[in-house]
Amino acid sequence: MVGNDIVDLQSANQESRWKDPRFINKIFTPLEKIIIYNSDNEFETIWRLWSMKESAYKIHIQKNNLPFFNPQKIEASVINDTRGFVIIENEKFSTVTEKATSYIYTIAESLNNKKVTSALLSVNKQSASAYCKAQLIVRFAELYNLHTNSLSLKKNSLGVPKLFYRNLVQNKSVSITHHGKFAGICFN
């Protein structure tokens, strides 16, 4: 299974309360706060850890169909500049994070995962969701040699996207993320 999350760094800097200690204390565990405060760039580290946690949470929801709203139950650890892992309820997810000057993008995977197909996209905020869905369908159809008009993407009651082929749900993990001017899609 896969999950992804992207952070538009310009939007995050303007729209978030990332400097507020209450925000930090609410979102991050004691170990994560050590990582943040020992980093060379607290701002980027905060958003990297955030995107790692969000990506893994998306897999957790897909697997367990049980949402929870306690970021303290999710703990991210950094291995190097790109690799890391997240633990949720004793389950470990590997992460790969791409950092650019304008965004941070993370893909999380179950440890027994298949090959992941992913794409970064530039989007218009008003049409980001529809554009991402369409791009995921097009890329999935190309990879598996299917007709796009036979594919659809629908969210379940928890907001988890599910891929359908000829109105039959597919046993594929898909994830979509967008923030500000950036978006990402992934599936396996």
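No value in this document is a laboratory result; all are computed from the given coordinates. Every value quoted in this text rests on a predicted model; they were computed, and no experiment measured them. Heads up, the Cβs are rebuilt from the backbone with ideal geometry, glycines too, and the neighbour counts pull from every protein chain shown.
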Summing +1 per Lys or Arg and -1 per Asp or Glu among the other residues with Cβ less than 15 Å from Pro71's Cβ gives +2
Cut-off is 10 Å between beta-carbons; in what order do Lys172, Lys99 appear when sorted fewest neighbours first? Lys172, Lys99
Relative contact order [Cα under 8 Å, 6+ residues apart], region 2-115, whole percent: 35
Taking neighbour counts of Cβ atoms within 10 Å as a proxy for exposure, in what order, fewest first, do Glu109, Glu15, Glu98 appear? Glu15, Glu98, Glu109
Students often get this wrong, so try it: which of (1) 8, 29, 28, 20, 12, 3, 0; (2) 9, 32, 31, 17, 9, 2; (3) 9, 37, 36, 14, 3, 0 is P(r) over Cα pairs in 10 Å bins from 0, in percent as calculated from the structure shown? (3)
Radius of gyration and Dmax for region 118-187's Cα atoms, expressed in Å? 11.7, 33
Would you mind telling me which residue in Thr106, Thr95, Thr148 has the biggest mean-square fluctuation in a Gaussian network model of the chain, where springs connect alpha carbons within a distance under 10 angstrom? Thr148
Förster-model FRET efficiency, 30 Å R0, Lys115 and Leu31, C-beta, rounded to 0.05: 0.45
Sort Val123, Val7 by Cβ crowding within 10 Å, fewest neighbours at the top. Val123, Val7
Per-residue HN-Hα couplings for region 20-25 [Karplus 6.51, -1.76, 1.60; θ = phi - 60°; Hz; x = Gly/Pro]: 6, x, 5, 4, 4, 5
Just for the Cα atoms in region 47-121, what are the lengths along the principal axes, largest first, rounded to whole Å? 34, 27, 23
Kyte-Doolittle mean at least -0.5 and Cα extent at least 20 Å along the axis: which DSSP H helices of the chain qualify? 128-144
